[in-house]
Amino acid sequence: MASIVFEGVTKRYPDGTEAVTSLDLTVHDGELAILVGPSGCGKSTALRMVAGLEEVSDGRIVLDGDDVTKRSPSDRDIAMVFQNYALYPHMTVAQNMSFALRLNGTSKADTATKVREAATTLGLERLLERKPAQLSGGQRQRVAMGRAIVREPKAFLMDEPLSNLDAKLRVQTRMEIARLQRRLRSTMLYVTHDQVEAMTLGDRVIVMRAGRLQQAGAPGELFNSPANVFVAGFIGSPAMNLVGARIEQDAVVLPFARVPLTRERRAQLDLRDGEPLIAGVRPHAFREVASGAPATSGDSATFTATVEVLEALGAESFAALPIERGVVDDARLDELAGTSEAQHGMLTVRLEAVSPAAVGQPLTLALDGAALHLFSAADGRNLER
Ligand SMILES: Nc1ncnc2c1ncn2[C@@H]1O[C@H](COP(=O)(O)OP(=O)(O)OP(=O)(O)O)[C@@H](O)[C@H]1O
Ligand SMILES: [Mg+2]
(Lines give C-alpha, C1' and ligand atoms only; values in the text may rest on other atoms or scores of the structure.)
(Ligands and ions follow the chains in the order given, each with its own letter.)
Protein backbone atom coordinates (compact mmCIF):
# COMPACT_ATOMS: atom_id res chain seq x y z
CA MET A 1 0.00 0.00 0.00
CA ALA A 2 1.02 3.60 -0.27
CA SER A 3 0.99 7.07 1.19
CA ILE A 4 -0.75 9.95 -0.60
CA VAL A 5 0.98 13.32 -0.31
CA PHE A 6 -0.36 16.70 -1.38
CA GLU A 7 2.47 19.23 -1.63
CA GLY A 8 1.22 22.80 -1.94
CA VAL A 9 -1.57 21.67 -4.23
CA THR A 10 -3.77 24.36 -5.78
CA LYS A 11 -6.59 23.84 -8.24
CA ARG A 12 -7.92 26.68 -10.37
CA TYR A 13 -10.68 25.76 -12.77
CA PRO A 14 -10.64 27.42 -16.22
CA ASP A 15 -13.37 29.84 -15.13
CA GLY A 16 -11.10 31.13 -12.34
CA THR A 17 -12.69 29.26 -9.42
CA GLU A 18 -10.00 28.32 -6.94
CA ALA A 19 -11.36 25.08 -5.53
CA VAL A 20 -8.27 24.03 -3.54
CA THR A 21 -5.61 26.40 -2.21
CA SER A 22 -2.04 25.37 -1.28
CA LEU A 23 -3.04 22.06 0.26
CA ASP A 24 -0.31 20.33 2.26
CA LEU A 25 -1.44 16.97 3.55
CA THR A 26 -0.10 13.46 3.97
CA VAL A 27 -2.35 10.44 4.16
CA HIS A 28 -0.08 7.81 5.63
CA ASP A 29 0.44 4.31 4.36
CA GLY A 30 -2.44 2.16 5.61
CA GLU A 31 -4.35 5.07 7.07
CA LEU A 32 -8.07 5.74 6.74
CA ALA A 33 -8.41 9.52 6.54
CA ILE A 34 -11.80 11.19 6.43
CA LEU A 35 -12.20 14.42 4.51
CA VAL A 36 -15.05 16.68 5.61
CA GLY A 37 -16.21 20.22 5.00
CA PRO A 38 -19.21 22.17 3.73
CA SER A 39 -20.55 21.65 0.24
CA GLY A 40 -18.26 23.22 -2.36
CA CYS A 41 -15.15 23.35 -0.14
CA GLY A 42 -13.07 21.31 -2.59
CA LYS A 43 -13.30 17.73 -1.32
CA SER A 44 -14.19 16.08 -4.62
CA THR A 45 -11.68 18.27 -6.43
CA ALA A 46 -8.91 17.12 -4.07
CA LEU A 47 -9.80 13.46 -4.65
CA ARG A 48 -10.10 13.89 -8.39
CA MET A 49 -6.62 15.40 -8.54
CA VAL A 50 -5.20 12.35 -6.75
CA ALA A 51 -6.99 10.06 -9.18
CA GLY A 52 -5.68 12.10 -12.11
CA LEU A 53 -9.13 13.18 -13.26
CA GLU A 54 -8.36 16.87 -12.72
CA GLU A 55 -5.13 18.62 -13.58
CA VAL A 56 -3.18 20.18 -10.73
CA SER A 57 -2.64 23.93 -11.22
CA ASP A 58 0.23 24.25 -8.72
CA GLY A 59 2.10 21.85 -6.48
CA ARG A 60 2.65 18.10 -6.61
CA ILE A 61 0.88 14.87 -5.77
CA VAL A 62 3.16 12.09 -4.59
CA LEU A 63 1.86 8.54 -4.41
CA ASP A 64 3.95 5.84 -2.77
CA GLY A 65 7.03 8.05 -3.13
CA ASP A 66 6.46 8.76 -6.85
CA ASP A 67 5.48 12.14 -8.22
CA VAL A 68 2.30 11.27 -10.14
CA THR A 69 1.21 14.85 -10.83
CA LYS A 70 1.49 14.46 -14.60
CA ARG A 71 0.67 10.77 -14.82
CA SER A 72 -2.50 9.51 -16.50
CA PRO A 73 -5.24 8.06 -14.27
CA SER A 74 -4.65 4.52 -15.53
CA ASP A 75 -0.99 4.68 -14.45
CA ARG A 76 -1.74 5.58 -10.83
CA ASP A 77 -3.10 2.30 -9.46
CA ILE A 78 -5.81 4.06 -7.49
CA ALA A 79 -9.45 3.07 -7.20
CA MET A 80 -12.02 5.79 -6.80
CA VAL A 81 -15.66 5.38 -5.83
CA PHE A 82 -17.55 8.46 -6.93
CA GLN A 83 -20.33 10.57 -5.54
CA ASN A 84 -22.03 9.84 -8.86
CA TYR A 85 -20.77 6.38 -9.73
CA ALA A 86 -21.42 4.86 -13.14
CA LEU A 87 -21.77 1.14 -13.77
CA TYR A 88 -21.66 -0.51 -17.19
CA PRO A 89 -25.39 -0.92 -17.87
CA HIS A 90 -25.10 -3.90 -20.23
CA MET A 91 -22.96 -5.95 -17.81
CA THR A 92 -24.14 -7.99 -14.86
CA VAL A 93 -23.06 -7.16 -11.30
CA ALA A 94 -20.41 -9.89 -11.46
CA GLN A 95 -19.09 -8.60 -14.80
CA ASN A 96 -19.03 -5.04 -13.55
CA MET A 97 -17.01 -6.09 -10.53
CA SER A 98 -14.56 -8.25 -12.46
CA PHE A 99 -14.05 -5.87 -15.38
CA ALA A 100 -10.76 -4.37 -14.22
CA LEU A 101 -9.39 -7.78 -13.29
CA ARG A 102 -10.15 -9.19 -16.72
CA LEU A 103 -8.34 -6.23 -18.26
CA ASN A 104 -5.20 -6.74 -16.19
CA GLY A 105 -5.03 -10.45 -16.95
CA THR A 106 -5.99 -11.92 -13.56
CA SER A 107 -6.84 -15.62 -13.92
CA LYS A 108 -10.48 -16.68 -14.09
CA ALA A 109 -10.27 -18.61 -10.83
CA ASP A 110 -8.68 -15.70 -8.93
CA THR A 111 -11.18 -13.27 -10.39
CA ALA A 112 -14.10 -15.46 -9.34
CA THR A 113 -12.73 -15.75 -5.78
CA LYS A 114 -12.16 -12.02 -5.41
CA VAL A 115 -15.58 -11.15 -6.78
CA ARG A 116 -17.22 -13.70 -4.49
CA GLU A 117 -15.39 -12.33 -1.43
CA ALA A 118 -16.23 -8.74 -2.22
CA ALA A 119 -19.85 -9.67 -2.94
CA THR A 120 -20.12 -11.40 0.43
CA THR A 121 -18.59 -8.41 2.22
CA LEU A 122 -21.07 -6.08 0.58
CA GLY A 123 -24.13 -8.33 0.73
CA LEU A 124 -24.38 -8.70 -3.03
CA GLU A 125 -24.12 -12.52 -3.36
CA ARG A 126 -27.64 -12.98 -4.63
CA LEU A 127 -27.50 -10.11 -7.08
CA LEU A 128 -24.43 -11.14 -9.08
CA GLU A 129 -26.36 -12.03 -12.24
CA ARG A 130 -28.51 -8.88 -12.28
CA LYS A 131 -27.97 -5.84 -14.48
CA PRO A 132 -27.61 -2.37 -12.88
CA ALA A 133 -31.08 -1.35 -14.07
CA GLN A 134 -32.52 -4.11 -11.89
CA LEU A 135 -30.86 -2.79 -8.71
CA SER A 136 -31.81 -0.15 -6.17
CA GLY A 137 -29.62 2.94 -5.81
CA GLY A 138 -27.97 1.55 -2.69
CA GLN A 139 -27.26 -1.78 -4.33
CA ARG A 140 -25.67 -0.02 -7.29
CA GLN A 141 -23.51 1.96 -4.92
CA ARG A 142 -22.31 -1.24 -3.30
CA VAL A 143 -21.45 -2.71 -6.71
CA ALA A 144 -19.37 0.40 -7.39
CA MET A 145 -17.54 -0.24 -4.10
CA GLY A 146 -17.09 -3.91 -4.97
CA ARG A 147 -15.54 -2.94 -8.27
CA ALA A 148 -12.96 -0.84 -6.43
CA ILE A 149 -12.26 -3.45 -3.76
CA VAL A 150 -11.47 -6.36 -6.10
CA ARG A 151 -8.69 -4.39 -7.77
CA GLU A 152 -6.66 -4.21 -4.54
CA PRO A 153 -5.19 -0.87 -5.58
CA LYS A 154 -2.44 1.10 -3.85
CA ALA A 155 -5.01 3.49 -2.46
CA PHE A 156 -8.75 4.01 -2.36
CA LEU A 157 -10.49 7.30 -2.85
CA MET A 158 -14.10 7.30 -1.78
CA ASP A 159 -16.39 10.24 -2.42
CA GLU A 160 -19.47 9.81 -0.22
CA PRO A 161 -19.80 6.16 -1.16
CA LEU A 162 -22.70 5.52 1.22
CA SER A 163 -24.83 8.55 0.52
CA ASN A 164 -27.56 6.55 -1.25
CA LEU A 165 -27.95 3.90 1.42
CA ASP A 166 -30.73 3.81 4.00
CA ALA A 167 -29.76 4.35 7.62
CA LYS A 168 -29.41 0.68 8.56
CA LEU A 169 -27.44 -0.35 5.49
CA ARG A 170 -25.27 2.68 5.96
CA VAL A 171 -24.25 1.63 9.45
CA GLN A 172 -23.65 -1.93 8.28
CA THR A 173 -21.65 -0.94 5.21
CA ARG A 174 -19.67 1.59 7.23
CA MET A 175 -18.57 -1.15 9.58
CA GLU A 176 -17.69 -3.36 6.62
CA ILE A 177 -15.55 -0.62 5.12
CA ALA A 178 -13.73 -0.13 8.41
CA ARG A 179 -13.15 -3.86 8.74
CA LEU A 180 -12.07 -4.20 5.16
CA GLN A 181 -9.69 -1.27 5.42
CA ARG A 182 -8.10 -2.78 8.51
CA ARG A 183 -7.81 -6.20 6.93
CA LEU A 184 -6.30 -4.92 3.67
CA ARG A 185 -4.33 -2.21 5.50
CA SER A 186 -5.17 -0.06 2.53
CA THR A 187 -4.63 3.68 2.36
CA MET A 188 -7.99 5.36 2.06
CA LEU A 189 -9.10 8.95 1.65
CA TYR A 190 -12.81 9.08 2.28
CA VAL A 191 -15.19 12.00 1.85
CA THR A 192 -18.38 12.19 3.85
CA HIS A 193 -21.01 14.65 5.03
CA ASP A 194 -22.03 12.35 7.83
CA GLN A 195 -20.82 13.42 11.30
CA VAL A 196 -21.03 9.93 12.73
CA GLU A 197 -19.11 8.51 9.80
CA ALA A 198 -16.45 11.18 10.20
CA MET A 199 -16.01 10.58 13.90
CA THR A 200 -16.19 6.79 13.98
CA LEU A 201 -14.70 5.53 10.76
CA GLY A 202 -11.35 7.16 10.43
CA ASP A 203 -7.92 7.28 12.03
CA ARG A 204 -7.84 10.98 11.27
CA VAL A 205 -10.34 13.60 10.23
CA ILE A 206 -9.35 16.37 7.85
CA VAL A 207 -11.49 19.51 7.81
CA MET A 208 -11.52 21.83 4.82
CA ARG A 209 -13.25 25.13 4.27
CA ALA A 210 -13.34 27.09 1.02
CA GLY A 211 -10.39 25.16 -0.43
CA ARG A 212 -8.20 25.49 2.63
CA LEU A 213 -7.15 22.91 5.18
CA GLN A 214 -8.40 23.87 8.64
CA GLN A 215 -7.22 21.00 10.81
CA ALA A 216 -6.16 17.37 10.50
CA GLY A 217 -6.16 15.19 13.58
CA ALA A 218 -7.64 12.25 15.44
CA PRO A 219 -11.42 12.55 15.84
CA GLY A 220 -11.04 13.15 19.58
CA GLU A 221 -8.48 15.88 19.04
CA LEU A 222 -10.76 17.79 16.67
CA PHE A 223 -13.66 17.40 19.06
CA ASN A 224 -11.81 18.37 22.24
CA SER A 225 -9.28 20.81 20.87
CA PRO A 226 -10.52 22.39 17.63
CA ALA A 227 -7.88 24.60 15.99
CA ASN A 228 -10.39 27.32 15.25
CA VAL A 229 -13.99 28.31 15.66
CA PHE A 230 -14.93 26.89 12.27
CA VAL A 231 -13.75 23.38 13.16
CA ALA A 232 -15.43 23.79 16.55
CA GLY A 233 -18.78 24.49 14.92
CA PHE A 234 -18.38 21.92 12.17
CA ILE A 235 -17.38 18.87 14.21
CA GLY A 236 -19.97 17.49 16.62
CA SER A 237 -23.73 17.12 16.41
CA PRO A 238 -25.70 18.99 17.53
CA ALA A 239 -23.18 21.75 16.86
CA MET A 240 -21.24 23.57 19.55
CA ASN A 241 -22.98 26.74 20.77
CA LEU A 242 -20.89 29.78 19.78
CA VAL A 243 -21.48 33.18 21.33
CA GLY A 244 -19.72 36.50 21.57
CA ALA A 245 -18.33 37.04 25.08
CA ARG A 246 -15.77 39.12 26.88
CA ILE A 247 -13.12 38.47 29.42
CA GLU A 248 -13.54 40.21 32.75
CA GLN A 249 -11.04 39.56 35.51
CA ASP A 250 -11.14 35.81 36.16
CA ALA A 251 -14.36 35.13 34.28
CA VAL A 252 -15.80 34.83 30.81
CA VAL A 253 -18.94 36.91 30.56
CA LEU A 254 -21.39 35.18 28.23
CA PRO A 255 -24.74 36.76 27.31
CA PHE A 256 -26.44 34.45 29.80
CA ALA A 257 -23.87 33.70 32.50
CA ARG A 258 -20.60 34.79 34.03
CA VAL A 259 -18.42 31.68 34.03
CA PRO A 260 -15.27 31.65 36.17
CA LEU A 261 -11.95 30.41 34.83
CA THR A 262 -9.23 28.96 37.00
CA ARG A 263 -6.45 31.40 37.89
CA GLU A 264 -3.88 29.40 35.88
CA ARG A 265 -6.06 29.39 32.83
CA ARG A 266 -6.76 33.11 33.00
CA ALA A 267 -3.06 33.82 33.43
CA GLN A 268 -2.24 31.94 30.24
CA LEU A 269 -4.82 33.77 28.15
CA ASP A 270 -3.33 36.60 26.20
CA LEU A 271 -6.36 38.87 26.60
CA ARG A 272 -6.86 42.21 28.32
CA ASP A 273 -9.80 42.79 30.62
CA GLY A 274 -12.88 43.71 28.61
CA GLU A 275 -11.54 42.22 25.40
CA PRO A 276 -14.12 40.35 23.25
CA LEU A 277 -13.78 36.71 22.30
CA ILE A 278 -15.93 33.89 20.98
CA ALA A 279 -16.92 31.29 23.54
CA GLY A 280 -18.00 27.78 22.57
CA VAL A 281 -20.01 25.32 24.65
CA ARG A 282 -21.09 21.88 23.49
CA PRO A 283 -24.75 21.02 24.11
CA HIS A 284 -23.58 18.10 26.26
CA ALA A 285 -21.68 20.36 28.65
CA PHE A 286 -24.69 21.71 30.54
CA ARG A 287 -26.11 20.16 33.70
CA GLU A 288 -29.64 20.58 34.95
CA VAL A 289 -29.80 21.86 38.51
CA ALA A 290 -32.60 22.76 40.89
CA SER A 291 -33.70 26.37 40.50
CA GLY A 292 -32.43 28.65 43.22
CA ALA A 293 -28.85 27.39 43.03
CA PRO A 294 -26.25 30.15 43.54
CA ALA A 295 -25.26 31.99 40.33
CA THR A 296 -21.58 31.26 40.74
CA SER A 297 -19.86 28.68 42.87
CA GLY A 298 -16.31 27.46 42.53
CA ASP A 299 -15.58 26.96 38.88
CA SER A 300 -19.15 26.87 37.62
CA ALA A 301 -22.06 29.20 36.92
CA THR A 302 -25.81 28.66 36.85
CA PHE A 303 -28.44 30.48 34.82
CA THR A 304 -32.10 30.18 34.01
CA ALA A 305 -33.78 30.43 30.61
CA THR A 306 -37.12 29.47 29.11
CA VAL A 307 -37.43 26.31 27.04
CA GLU A 308 -38.68 27.20 23.57
CA VAL A 309 -38.28 23.87 21.77
CA LEU A 310 -37.88 20.40 23.23
CA GLU A 311 -36.85 17.40 21.12
CA ALA A 312 -37.10 14.06 22.90
CA LEU A 313 -34.96 11.45 21.18
CA GLY A 314 -35.62 8.65 23.65
CA ALA A 315 -32.25 8.23 25.32
CA GLU A 316 -31.79 11.98 25.67
CA SER A 317 -33.47 15.26 24.79
CA PHE A 318 -32.35 18.53 23.30
CA ALA A 319 -33.77 21.86 24.35
CA ALA A 320 -33.47 25.20 22.56
CA LEU A 321 -33.43 28.25 24.85
CA PRO A 322 -33.50 31.86 23.66
CA ILE A 323 -30.54 33.94 24.85
CA GLU A 324 -29.32 37.49 24.34
CA ARG A 325 -26.97 38.21 21.46
CA GLY A 326 -23.29 38.36 22.47
CA VAL A 327 -20.77 41.15 21.96
CA VAL A 328 -19.50 39.81 18.62
CA ASP A 329 -21.90 40.70 15.83
CA ASP A 330 -23.68 37.92 13.98
CA ALA A 331 -22.20 38.65 10.56
CA ARG A 332 -18.67 38.48 11.96
CA LEU A 333 -19.45 35.24 13.76
CA ASP A 334 -20.86 33.75 10.55
CA GLU A 335 -17.75 34.73 8.64
CA LEU A 336 -15.40 33.15 11.17
CA ALA A 337 -17.47 30.17 12.22
CA GLY A 338 -19.59 29.39 9.18
CA THR A 339 -22.70 29.64 11.35
CA SER A 340 -26.00 30.94 10.04
CA GLU A 341 -28.74 33.25 11.27
CA ALA A 342 -30.80 30.36 12.68
CA GLN A 343 -28.01 29.52 15.13
CA HIS A 344 -27.90 32.94 16.77
CA GLY A 345 -29.84 33.92 19.85
CA MET A 346 -30.52 30.29 20.71
CA LEU A 347 -28.73 27.88 22.99
CA THR A 348 -28.91 24.15 22.34
CA VAL A 349 -28.69 22.07 25.48
CA ARG A 350 -28.65 18.33 25.98
CA LEU A 351 -30.90 17.01 28.74
CA GLU A 352 -31.36 13.62 30.34
CA ALA A 353 -34.28 11.58 29.03
CA VAL A 354 -36.06 11.94 32.38
CA SER A 355 -35.67 15.71 32.54
CA PRO A 356 -38.54 17.70 34.07
CA ALA A 357 -38.02 20.38 31.39
CA ALA A 358 -41.16 21.53 29.56
CA VAL A 359 -41.82 23.96 26.72
CA GLY A 360 -42.58 27.43 27.98
CA GLN A 361 -41.15 26.67 31.42
CA PRO A 362 -37.93 28.01 32.94
CA LEU A 363 -34.96 25.68 33.17
CA THR A 364 -31.95 26.18 35.41
CA LEU A 365 -28.62 24.93 34.12
CA ALA A 366 -25.06 24.81 35.37
CA LEU A 367 -21.99 25.30 33.23
CA ASP A 368 -18.39 24.58 34.23
CA GLY A 369 -15.56 26.86 33.19
CA ALA A 370 -13.70 23.78 32.02
CA ALA A 371 -16.39 23.22 29.36
CA LEU A 372 -15.69 26.55 27.65
CA HIS A 373 -13.73 26.68 24.42
CA LEU A 374 -12.25 30.12 23.79
CA PHE A 375 -11.61 31.57 20.34
CA SER A 376 -10.21 34.84 19.03
CA ALA A 377 -12.86 37.33 17.91
CA ALA A 378 -10.28 38.70 15.46
CA ASP A 379 -9.38 35.58 13.49
CA GLY A 380 -11.25 32.68 15.06
CA ARG A 381 -8.22 30.69 16.21
CA ASN A 382 -8.38 28.67 19.41
CA LEU A 383 -6.81 30.93 22.07
CA GLU A 384 -5.50 27.97 24.04
CA ARG A 385 -3.71 25.89 21.46
N1 LIG B 1 -15.43 22.02 -13.55
C2 LIG B 1 -15.54 23.05 -12.71
N3 LIG B 1 -15.40 24.33 -13.15
C4 LIG B 1 -15.48 25.38 -12.31
N5 LIG B 1 -15.70 25.26 -10.97
C6 LIG B 1 -15.85 24.02 -10.48
C7 LIG B 1 -15.79 22.84 -11.31
N8 LIG B 1 -15.98 21.76 -10.54
C9 LIG B 1 -16.16 22.22 -9.28
N10 LIG B 1 -16.08 23.57 -9.25
C11 LIG B 1 -16.17 24.46 -8.07
O12 LIG B 1 -15.09 24.14 -7.19
C13 LIG B 1 -15.50 24.20 -5.85
C14 LIG B 1 -15.22 22.89 -5.16
O15 LIG B 1 -16.04 21.90 -5.75
P16 LIG B 1 -16.02 20.39 -5.22
O17 LIG B 1 -16.87 19.60 -6.13
O18 LIG B 1 -14.62 19.96 -5.05
O19 LIG B 1 -16.72 20.56 -3.80
P20 LIG B 1 -17.10 19.45 -2.69
O21 LIG B 1 -16.39 19.82 -1.44
O22 LIG B 1 -16.89 18.10 -3.24
O23 LIG B 1 -18.67 19.72 -2.48
P24 LIG B 1 -19.88 18.68 -2.19
O25 LIG B 1 -19.82 18.38 -0.74
O26 LIG B 1 -21.08 19.49 -2.55
O27 LIG B 1 -19.70 17.49 -3.05
C28 LIG B 1 -16.96 24.60 -5.87
O29 LIG B 1 -17.04 25.98 -5.69
C30 LIG B 1 -17.42 24.21 -7.27
O31 LIG B 1 -18.47 25.02 -7.70
MG1 LIG C 1 -18.17 16.51 -3.77
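The values are calculated or read from the model by the stated rules, or taken from the named source; none is laboratory data. Please read these numbers as outputs of a predicted model, since none were measured by experiment. As a convention, Cβ positions derive from the backbone with ideal geometry for all residues, glycine included, and neighbour counts pool all protein chains shown. In case anyone asks, the SASA skips ligands and DNA or RNA and just uses the protein heavy atoms, side chains included. Shrake-Rupley method; radii C 1.70, N 1.55, O 1.52, S 1.80 Å.
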Task: Spin-label model distance (nm) - E352 vs E55, 7 Å beyond Cα toward Cβ - done: 6.3 nm
TODO: Rounded to the nearest 0.05, what FRET efficiency do Q249 and H284 give with R0 = 25 Å and r taken as the Cβ-Cβ distance? Could you check?
DONE: 0.35
- [ ] Subtract the Cα-Cα distance of A133 and E335 from 0.36 nm times their separation in residues, and report this length gain in nm to one decimal.
- [x] 68.3 nm
- [ ] Keeping all protein chains in place, calculate the accessible area per residue for the chain (probe 1.4 angstrom), answer in Å².
- [x] 46 Å²
TODO: Calculate what fraction, in whole %, of the accessible area of the chain sits on carbon and sulfur atoms when a 1.4 Å probe is rolled over the protein chains.
DONE: 48 percent
Open item on the list: How are the alpha carbon pair distances in the chain distributed across 20 Å bins from zero to the largest one, expressed in percent?
Closed with: 25, 46, 25, 3
TODO: Specify the residue with the greatest mean-square fluctuation among L47, L32, L128, computed from a Gaussian network of the chain linking alpha-carbon atoms under 10 Å apart.
DONE: L128
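Work out the FRET efficiency for N84 and V171 from their Cβ-Cβ distance, taking R0 = 22 Å, and round it to the nearest 0.05.
0.45
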Task: Residue-averaged [θ]222 nm for the chain, counting only DSSP H segments that reach four residues, each worth -39500 (n - 2.57) - done: -7500 deg cm²/dmol
TODO: Rank-order 240-248, 280-288 by packing density, defined as the average count of other C-beta atoms within 10 Å over each peptide's residues, highest first.
DONE: 240-248, 280-288
Open item on the list: Strictly over 32 Å apart at the Cα level, which of K131/K168; K11/K108; K43/K114; K11/K131; K108/K154; K70/K168 would you flag in this model?
Closed with: K11/K108; K11/K131; K70/K168
Task: Backbone HN-Hα couplings from phi across the stretch 332-337 [Karplus 6.51/-1.76/1.60, Hz, Gly and Pro as x] - done: 5, 4, 4, 5, 7, 9
- [ ] Can you bin the stretch 63-109 into rounded, prolate or oblate? Criterion: square roots of the alpha carbon gyration tensor eigenvalues sorted a ≥ b ≥ c, rounded for a/c under 1.5, prolate for a/b above b/c, oblate for the rest.
- [x] oblate
Task: Fluctuation leader among V81, V328, V229 - the chain, Gaussian network, Cα springs under 10 angstrom - done: V328
- [ ] Would you grab the residues whose amide H sits under 5 Å from the one on A2? Only those 5+ places off in sequence or on another chain, please, with H modelled 1.01 Å from N.
- [x] G30, T187
TODO: Would you please classify the overall shape of the stretch 5-75 from the alpha carbon gyration tensor, given that a ≥ b ≥ c denote the square roots of the eigenvalues, rounded means a/c under 1.5, and beyond that prolate means a/b larger than b/c while oblate covers the rest?
DONE: oblate
Open item on the list: I need to check one value: relative contact order of the chain, counting alpha carbon pairs closer than 8 Å and at least 6 residues apart, in percent.
Closed with: 16 percent
Open item on the list: Which three extents, in angstrom, do the Cα atoms of the stretch 4-229 have along their principal axes, listed largest first?
Closed with: 49, 38, 32
TODO: Could you work out how far apart the two model spin labels at S225 and T306 are, taking each label as a point 7 Å from the Cα in the direction of the beta carbon, and quote it in nm?
DONE: 4.2 nm
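Classify the stretch 269-385 from the C-alpha gyration tensor, please: rounded if a/c falls under 1.5, else prolate or oblate depending on whether a/b exceeds b/c.
prolate
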